[in-house]
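Have a look at the structure below before the remarks.
Every number in this text was worked out from the coordinates using simple rules, so none of it is lab data. Since the model is a prediction, treat every value here as computed from it, not as a measurement. Here the Cβ positions follow ideal geometry from the backbone for every residue, glycine too, while neighbour counts run over all protein chains shown.
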Amino acid sequence: MRAIAVSTFRADPALVEVPKPDPRPGQVRVRIEYASLNPRDWQFANDTLDGLAPEVFPLVVGVDYAGRVDMIGSGDNRFRVGDHVFGRTGGPAAGAGTYCDYVCVPQESAIALVPRGLDARIAAALPSAGMAAAQILEAVSLRGHESLLIVGAAGGVGTCLTQLAKARDVRVIAAVRGDERARMGSLGAAVTIDVTDGPASDAIRASCPDGVDALADLASATPEAFAAHAAALRPGGIALSTRGVAAGAALPRGVRGVDFRLDPSPVLLDVLAAGAADGVLRVPIDAELPLEKAPQALDRNRTGGARGKTVIVLREHGHC
Ligand SMILES: NC(=O)c1ccc[n+]([C@@H]2O[C@H](COP(=O)([O-])OP(=O)(O)OC[C@H]3O[C@@H](n4cnc5c(N)ncnc54)[C@H](OP(=O)(O)O)[C@@H]3O)[C@@H](O)[C@H]2O)c1
């Protein structure tokens with residue numbers, strides 16, 4: 001089958017042929033229609049390969065997918081051949097990358113049925129970004145009328161988080177690069193700040209003079225950059241990083257740092273998919289491209305600029 005894979009240490013992901021996997025007991029095999037791109041897909045290839053045994057290569061990239069169950073492993077299974085499903089796998093290290101034609105996943109993993117009315121592209125775009133957004137909102141435990149500063153709000157996680165927070169009456173301050181006021185406003189941001197326009201701290205203070213209640217920093221890759229954003233928080237506020245830099249940051253007195261880790265769940269997938277099918281949660285698609293263009297898309301995402309999700313097309317839904 002076709003796959004985008006890393007073939008050895010420090011190699012760039014490239015199009016290769018790999019054997020089609022067979023499902024083990026309790027697994028399902030999914031014939032993938034769409035996969036979606038997450039920064040983790042290139043971060044993984046960049047950062048986390050050292051220490052792996054050479055025989056694990058080639059490692060297929062990707063975690064998010066939508067497609068049809070085409071084979072069931074032995075034993076009882078909650079899925080049937082032909083079910084239209086989507087989800088998030090354990091990824092390359094688990095031998096379950098998704099930039100490929102087929103993936104095998106345990107039936108109890110983060111996999112759910114695509115509800116009627118939900119486009120399979122959107123289903124593929126939803127798992128990592130949607131689940132991260134929902135769990136970030138839980139982690140910062142905001143109630144209505146509190147404020148949330150989202151840094152990197154225009155990307156996959158940020159666009160979902162903005163909407164979920166707004167749905168709880170949380171006041172979202174979206175920090176982005178570029179003029180994204182119209183887009184972020186339509187998703188529910190109360191204030192949109194272009195961080196390339198001058199010091200973001202001035203604009204944040206102007207919109208929240210008593211300090212922000214929580215920070216979700218989806219962009220800062222250093223403790224210093226993260227701490228600079230956390231300076232906008234009021235005492236007692238929560239500063240969350242999705243990039244693992246909170247623990248090393250010098251935070252203002254009284255501000256609690258959190259390094260977020262996604263905990264994928266099939267139940268959460270059902271909830272998010274229902275919201276997306278109803279149109280309550282919009283998942284903006286930034287780009288849609290064929291499998292062979294995925295390496296370039298990974299390179300592009302590495303340099304920034306995401307405005308929603310990139311979807312990789314393995315085969316159009318309903319076609320053979
Ligand atoms: N820890 C976890 O479990 C977990 C879970 C999910 C995601 N994540 C991580 O969270 C991060 C965001 O994920 P994502 O899926 O939303 O990525 P994405 O779709 O690529 O979006 C990232 C966004 O950040 C913006 N950005 C980058 N630098 C910025 C800056 N200095 N100020 C403002 N905006 C900035 C980018 O646009 P511009 O470049 O145009 O500004 C882009 O819109 C990734 O690093 C991902 O790996 C971690």
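Counting charges near A125 (Lys, Arg +1; Asp, Glu -1) among other residues having Cβ under 11 Å from its Cβ returns a value of -1.
Cross-link reach is defined here as a Cα-Cα straight distance under 12 Å, omitting same-chain residues fewer than 8 places apart; for K309 the aspartates and glutamates meeting it are D64, D286, E288.
Prolate is the label for the chain, because the ratio a/c of its alpha-carbon gyration tensor axes (a ≥ b ≥ c) is 1.5 or higher and a/b is greater than b/c. The H on the amide N of T192, modeled in the peptide plane, is under 5 Å from the matching H of A174, each at least 5 residues off or on a different chain.
Beta carbons within 10 angstrom, averaged per residue: use that to sort the peptides 5-12, 119-126, highest first. Write out the running numbers ahead of the final one.
Working: 5-12: 14.6, 119-126: 25.8.
Packing proxy ranking, top to bottom: 119-126, 5-12.
Separation of segment 84-100 from segment 253-282 is 19 Å, based on Cα centroids. Going by the alpha-carbon gyration tensor, a ≥ b ≥ c the square roots of its eigenvalues, is segment 129-259 rounded (a/c under 1.5) or, if a/c is not under 1.5, prolate (a/b greater than b/c) versus oblate? Cα axes put segment 129-259 in the rounded bin. Counting only residues at least eight positions apart within a chain, or on another chain, the aspartates and glutamates with an alpha carbon under 18 Å from that of K166 are E138, E146, E180, D213, D217, D278. Using a cut-off of 13 Å between beta-carbons, work out the net charge of the residues near A246 (Lys and Arg +1, Asp and Glu -1, A246 not included). Every neighbour counted, the sum reads 0. In terms of Cα to Cα distance under 22 Å, which lysines are near enough to K20, apart from those fewer than 8 places away along the same chain? Hits, sequence-local ones excluded: K293.
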